[in-house]
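Below you'll find the structure, written out as structure tokens, and then a few comments.
The values are calculated or read from the model by the stated rules, or taken from the named source; none is laboratory data. All values derive from a computational prediction rather than experimental measurement. Glycine gets a Cβ as well: all are built from the backbone with ideal geometry, and neighbour counts include every protein chain shown.
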Amino acid sequence: MAITLGELAVRFGLELAGDPGEAIDGVAPLGAAGPGKLAFCTGPRYRKQLAATRATAVVLPRELAADCPVAALISENPYASFARLAAGLHPPAPVKSGVAAGAQIAESATVAESAWIGPCAIIGAGVVIGERCSIGPNCVVEDGARLGDDCRLQAGVTICHDVAIGARCVFKPGAVIGSDGFGFAPDVDGYVKVPQLGSVRLGNDVDVGANTTIDRGTMEDTVIGDGVKLDNQVQVGHNCRIGAHTVVAGCVGISGSSIIGSRCMIGGAVGIVGHLEIGDGVIVTGFSMVTQSLPGPGIYSSGLPAIESATWRRTVARLHRLAREKKS
Amino acid sequence: MAITLGELAVRFGLELAGDPGEAIDGVAPLGAAGPGKLAFCTGPRYRKQLAATRATAVVLPRELAADCPVAALISENPYASFARLAAGLHPPAPVKSGVAAGAQIAESATVAESAWIGPCAIIGAGVVIGERCSIGPNCVVEDGARLGDDCRLQAGVTICHDVAIGARCVFKPGAVIGSDGFGFAPDVDGYVKVPQLGSVRLGNDVDVGANTTIDRGTMEDTVIGDGVKLDNQVQVGHNCRIGAHTVVAGCVGISGSSIIGSRCMIGGAVGIVGHLEIGDGVIVTGFSMVTQSLPGPGIYSSGLPAIESATWRRTVARLHRLAREKKS
Amino acid sequence: MAITLGELAVRFGLELAGDPGEAIDGVAPLGAAGPGKLAFCTGPRYRKQLAATRATAVVLPRELAADCPVAALISENPYASFARLAAGLHPPAPVKSGVAAGAQIAESATVAESAWIGPCAIIGAGVVIGERCSIGPNCVVEDGARLGDDCRLQAGVTICHDVAIGARCVFKPGAVIGSDGFGFAPDVDGYVKVPQLGSVRLGNDVDVGANTTIDRGTMEDTVIGDGVKLDNQVQVGHNCRIGAHTVVAGCVGISGSSIIGSRCMIGGAVGIVGHLEIGDGVIVTGFSMVTQSLPGPGIYSSGLPAIESATWRRTVARLHRLAREKKS
């Protein structure tokens, strides 16, 4: 799908420095792009690659326009503009509507006519599926769950009973929303299961990664705000609340009943213990363990960078010795 | 489903301080409960919430009975009592029996008449499914696997060939039991797969979280004891043995051939290396790495709490310097 | 399936010290093996178990042959030889061919006649499935994906659109290959999704663990080299490249755009941040965080071993104090 630079500039509200008649048929990285391709450059650290680019055009900030050897689309936020341009140049296939062979839809379910129910997808009693939703193969939407318009469940997603989902949410393969939280009361001969009577509520524009799991609440709901983005293999415990536009990288574990503010950024493999509160705008760098409430905004860390093992072993030995030393 | 306080007291063996005729129709948190609701209070730290509660009744320890402004159900273990009361007030739907459309059951499988085989569930040759089991949609039970009575597989669970499971086990969506362990022998041109000829044996009352994985043994079985509770996204390597009533929180990884005692508590995101032994009653706090055998009982840790990043960076620099310093 | 020692020695090219007529019908651990069983012993640290073994024969290095009380198969690499012998004695069931009930294959897909498509497996448009592939129950192979010969997808595996896979790759249950990478551009009112237009390419003999996820690239492909072995619950971010014969243990997270060399060994629960390069032959020990490029070969670490909690708390307090102290 080729579009002229002039058309792109108009459609995406960008200033064009260059020939508006040149055609663009796709995107490519700055260093690898060839003729017909659009690349992006976010800042001066890529100036060298910019100078050498063979792309037909580059999205960049005004400060780099003079350094651009080819056509430039000037943006205050080149990365966001590029994301929109790339989506325009490579539009996703439109959602089919209808019901595939092997799908099973309970009689009491309400499925929009514009929605697609894929092969062997199982839609339970009382389920509501909004307009233009796409339910992938082998997905399970249990009784009473509700999906807003334009949601997309890829293959093998499980939405448990009574979970409520906003519009435009995306679920990657293997995601599980609303399984029972990990609640067990110790007793003399083992553990007694605590019934998990709450549900999960997701806002609009939530993105849930592959094999990510979000547990339902015990007595109240687990709540995920608008625009939250969860990467793959994230675990969200029961009763958690995550504020709008917070981003959580892969392999993060969030224990039960923790409250995370809006516009936070949680780095990969972070662990957050339960029953604490993280303020708005908090950044936690990768591999950190959050053990207490953190006021926001702020940046917090406890990850240790790997070094040569022999040196590291000496470091650990010295560290363990610290506790035995007298206060200096 | 409303039940009088008097009936609850008798049925669950609790002492009632209050009007036995008051009706309870559900549970709610102490701070949010309204009329008709039962809440719980485990200790004096919640005294203030207790004083302000609008619940109709509260399960609590004797020491707090005098502080309770409403009816009280007195228990030596209020949390366990509450779990049982909540299950009584909100009973799970009874398991249906029969076979859903799209399910496939091998001729040589033995499925109890009282069991439910959900849509598109695949039951292999020689499989045994006990009384009142519920096999959810899109589950796969491979050849030769055996499930005791009252097991519940939610959606998309995989039980691999010849795995043996006790009674009353629960498997949340996406759990995988009995996939091949990670065994590869290094050789001159890469790795040779070591056949994984053992299986997995689970006791009774085991709970397996969403997307949790338990590998089959190499030559002997991986063994999970009675009453073990595994949270979501736990990984148990081949040949491990986990003792009865041990609880493992989310995102824990247990390497192969490790032996964990009974009644242990393993915190979230803990890593346990292989070929070691953890005694009975050991507690490992979250985000710790267990590198050697630990006698039990005892509490062990190595997690680092996150602090402000600027301070943390200085701490790391000082830490790395330690190894270079002369012994003081 | 019983085979004589003489036949095993010839077939696997090993020197036999003992009676070539003795029959072997399976493998077992050195300490548990009984008559008819073959065990292995890799080094002098198992000398005591070797002396006491009741196995009929043991695979071992020449240096231990004199200590072996029973027949010995002598190998320069006893573990690799044992892996091959075990596979010979316990051959996997041959792959069936054909299409199971409930499977759905798009008309434009090309499926080898010798391949097996399991129950409720969904094969998309333009897919190519090589000779003797086995596609397990409830697997999904999306449009345009290509699998080489002899690949094995166990239950519930998802191969996303246009992913290219070599020969003899194994995918354990719940693995997800080619879901969209985690790319979002921050903008004034939240995040804009960055289209993920690349794919995933896997070499030959790649092993992918249960519930492991590999994201597709943004503009170029994520690339996994020949013979790479990924354990369960590994996460590989978009645009990563992993060199041949690298082994990644369970629960590892690799952030986007990182390049890992060949013949590396990445320990369990390691976290690797994005946009860095790890050289050939690097070993990263378990629970380490890699924050910068690491030259290879070399061994790197930052994991902290768990100790008694009371001592650990004092250690952490002293550590945090370090940053506040004057340089000594």
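Please enumerate the residues belonging to region B:182-214 that are among the charged types (D, E, K, R) and closer than 25 Å to C:Gly227 by Cβ. Walk me through it before giving the result.
Kept after step one, since they are among the charged types (D, E, K, R), are these residues of region B:182-214: B:187, B:189, B:193, B:201, B:205, B:207.
If the condition is that a residue be among the charged types (D, E, K, R) and closer than 25 Å to C:Gly227 by Cβ, then B:Asp187, B:Asp189, B:Lys193 are the ones that fit.
Cβ-Cβ under 7 Å, sequence separation 6+ or interchain: first residue in region B:289-307 and under 25 Å from C:Gly267 (Cβ atoms) and more than 7 Å from chain C (Cβ to nearest Cβ), partner hydroxyl-bearing (Ser, Thr, Tyr) and not in a loop (DSSP other than H, G, I, E, B). Which pairs?
B:Leu294/B:Tyr300; B:Ala306/A:Tyr300; B:Ala306/A:Ser301
Checking A:Ala72 against (1) under 21 Å from A:Ser179 (Cα atoms); (2) assigned to a strand (DSSP E or B); (3) not basic (Lys, Arg): exactly one of these is not met. Which one?
Among (1) under 21 Å from A:Ser179 (Cα atoms); (2) assigned to a strand (DSSP E or B); (3) not basic (Lys, Arg), A:Ala72 violates only (1).
Any residue in region B:106-114 that is surrounded by 23 or more Cβ atoms within 10 Å (Cβ to Cβ), closer than 24 Å to B:Gly166 by Cα, without any contact (Cβ under 8 Å) to a residue 40 or more places away in the chain and within 14 Å of chain C (Cβ to nearest Cβ)?
Looking through region B:106-114, none of the residues is surrounded by 23 or more Cβ atoms within 10 Å (Cβ to Cβ), closer than 24 Å to B:Gly166 by Cα, without any contact (Cβ under 8 Å) to a residue 40 or more places away in the chain and within 14 Å of chain C (Cβ to nearest Cβ).
Given B:Ala100, B:Ala65, B:Ala9, which one is closer than 25 Å to A:Ala125 by Cα, in contact (Cβ under 8 Å) with a residue 24 or more places away in the chain and not acidic (Asp, Glu)?
B:Ala100
Can you spot a residue in region A:35-50 that is surrounded by 19 or more Cβ atoms within 10 Å (Cβ to Cβ), outside any helix (DSSP H, G or I), under 29 Å from the mean Cα position of the chain (by Cα) and among the polar types (S, T, N, Q)?
For region A:35-50, residues surrounded by 19 or more Cβ atoms within 10 Å (Cβ to Cβ), outside any helix (DSSP H, G or I), under 29 Å from the mean Cα position of the chain (by Cα) and among the polar types (S, T, N, Q): absent.
Residues are listed down the side, and each one gets a yes or a no for (1) under 18 Å from B:Gly274 (Cβ atoms); (2) in a strand (DSSP E or B); (3) touching a strand residue (DSSP E or B) at 6+ places or on another chain (Cβ under 8 Å):
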residue	(1), (2), (3)
B:Gly144	no, no, no
B:Asp149	no, no, no
B:Ala155	no, no, yes
B:Pro173	no, no, yes
B:Gly178	no, yes, yes
B:Phe182	yes, no, yes
B:Gln196	yes, no, yes
B:Ala210	no, no, yes
B:Ile214	yes, yes, yes
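Going through region A:80-104 one residue at a time, which ones are of a type in the set (A, V, I, L, M) and surrounded by fewer than 19 Cβ atoms within 10 Å (Cβ to Cβ)?
A:Ala87, A:Ala93, A:Val95, A:Val99, A:Ala100, A:Ala101
Output the residue which, of all residues in region A:157-204 that are closer than 17 Å to B:Val247 by Cα, surrounded by fewer than 22 Cβ atoms within 10 Å (Cβ to Cβ) and aliphatic (A, V, I, L, M), is farthest from the other protein chains (Cβ to nearest Cβ).
Result: A:Val188.
Select from region C:215-232 the residues that are within 9 Å of another protein chain (Cβ to nearest Cβ) and more than 11 Å from the chain's Cα centre (by Cα) and list them in ascending order.
C:Asp215, C:Thr218, C:Met219, C:Glu220, C:Asp226
For C:Ser257, state whether it is buried (at least 18 other Cβ atoms within 10 Å of the Cβ) and more than 21 Å from A:Gly209 (Cα to Cα).
no
Among the residues of region A:287-320, how many are among the charged types (D, E, K, R) and touching a helix residue (DSSP H, G or I) at 6+ places or on another chain (Cβ under 9 Å)?
Going through region A:287-320, the residues among the charged types (D, E, K, R) turn out to be A:308, A:313-314, A:318.
Subset that is touching a helix residue (DSSP H, G or I) at 6+ places or on another chain (Cβ under 9 Å): A:314, A:318.
Matching residues across region A:287-320 total 2.
Which of the residues spanning region C:13-27 are under 34 Å from the mean Cα position of the chain (by Cα), assigned to a loop (DSSP other than H, G, I, E, B) and free of Cβ contacts under 8 Å to residues at least 40 places away in the same chain?
Result: C:Gly13, single match.
From the list C:Val99, C:Val95, exactly one residue is out of contact with any helix residue (DSSP H, G or I) (no Cβ under 6 Å at 6 or more places or on another chain), under 20 Å from B:Val141 (Cα atoms) and at pLDDT below 95. Which is it?
Checking each option against the conditions leaves just C:Val95.
So which of C:Gly271, C:Gly286 is touching a Gly at 6+ places or on another chain (Cβ under 6 Å), at the interface with chain A (Cβ under 8 Å from one of its Cβ atoms) and modelled with pLDDT of 95 or more?
Exactly one of C:Gly271, C:Gly286 is touching a Gly at 6+ places or on another chain (Cβ under 6 Å), at the interface with chain A (Cβ under 8 Å from one of its Cβ atoms) and modelled with pLDDT of 95 or more, namely C:Gly271.
Can you tell me which residue is nearest to A:Thr56 (Cα to Cα) among those in region A:72-96 that are aliphatic (A, V, I, L, M), more than 7 Å from every other protein chain (Cβ to nearest Cβ) and touching a strand residue (DSSP E or B) at 6+ places or on another chain (Cβ under 9 Å)?
Within region A:72-96, the subset aliphatic (A, V, I, L, M) is A:72-74, A:80, A:83, A:85-87, A:89, A:93, A:95.
Retained after the next criterion (residues that are more than 7 Å from every other protein chain (Cβ to nearest Cβ)): A:72-74, A:85, A:89, A:93, A:95.
Subsequent filtering for residues that are touching a strand residue (DSSP E or B) at 6+ places or on another chain (Cβ under 9 Å) retains A:72-74, A:85, A:89, A:95.
Numbers: A:Ala72: 9, A:Leu73: 11, A:Ile74: 14, A:Leu85: 14, A:Leu89: 14, A:Val95: 31 Å.
Taking the candidates together, the pick is A:Ala72.
How many residues are assigned to a strand (DSSP E or B), out of contact with any Leu (no Cβ under 6 Å at 6 or more places or on another chain) and buried (at least 24 other Cβ atoms within 10 Å of the Cβ) if we restrict to region B:216-236?
4
For C:Ile3, state whether it is touching a residue at least 24 places away in the same chain (Cβ under 8 Å) and more than 28 Å from the chain's Cα centre (by Cα).
Considered against the rule, which asks whether it is touching a residue at least 24 places away in the same chain (Cβ under 8 Å) and more than 28 Å from the chain's Cα centre (by Cα), C:Ile3 comes out as yes.
Filter region B:268-285 for residues that are of a type in the set (Gly, Ala, Ser), more than 14 Å from C:Gly268 (Cβ to Cβ) and surrounded by fewer than 24 Cβ atoms within 10 Å (Cβ to Cβ); which is farthest from the chain's Cα centre (by Cα)?
Ranking the qualifying residues of region B:268-285, first place goes to B:Gly279.
Residue check: is A:Ala55 over 30 Å from B:Gly118 (Cα atoms), assigned to a loop (DSSP other than H, G, I, E, B) and more than 10 Å from every other protein chain (Cβ to nearest Cβ)?
Taking the combined requirement at face value, the residue satisfies it.
Conditions (1) at positive phi; (2) acidic (Asp, Glu); (3) in contact (Cβ under 8 Å) with a residue 40 or more places away in the chain, marked per residue:
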position	(1), (2), (3)
C:Ala87	no, no, no
C:Val95	no, no, yes
C:Glu131	no, yes, no
C:Val170	no, no, no
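Take region B:184-194 and flag every residue that is assigned to a loop (DSSP other than H, G, I, E, B) and of a type in the set (A, V, I, L, M, F, W, C).
Going residue by residue through region B:184-194, those that are assigned to a loop (DSSP other than H, G, I, E, B) are B:188-189, B:194.
If the condition is that a residue be assigned to a loop (DSSP other than H, G, I, E, B) and of a type in the set (A, V, I, L, M, F, W, C), then B:Val188, B:Val194 are the ones that fit.
Scan region A:82-113 for residues that are more than 19 Å from A:Arg146 (Cβ to Cβ) and among the hydrophobic types (A, V, I, L, M, F, W, C) and jot them down.
A:Phe82, A:Ala83, A:Leu85, A:Ala86, A:Ala87, A:Leu89, A:Ala93, A:Ala100, A:Ala101
Could you grab me the full set of residues in region B:300-328 that are surrounded by fewer than 18 Cβ atoms within 10 Å (Cβ to Cβ) and in a strand (DSSP E or B)?
Matches in region B:300-328: B:Pro305, B:Glu308.
Return the residue satisfying two criteria in turn: it lies in region A:247-259 and is outside any strand (DSSP E or B) and farther than 12 Å from A:Ile272 by Cβ, and of such residues it is farthest from the other protein chains (Cβ to nearest Cβ).
In this case the residue turns out to be A:Ala249.
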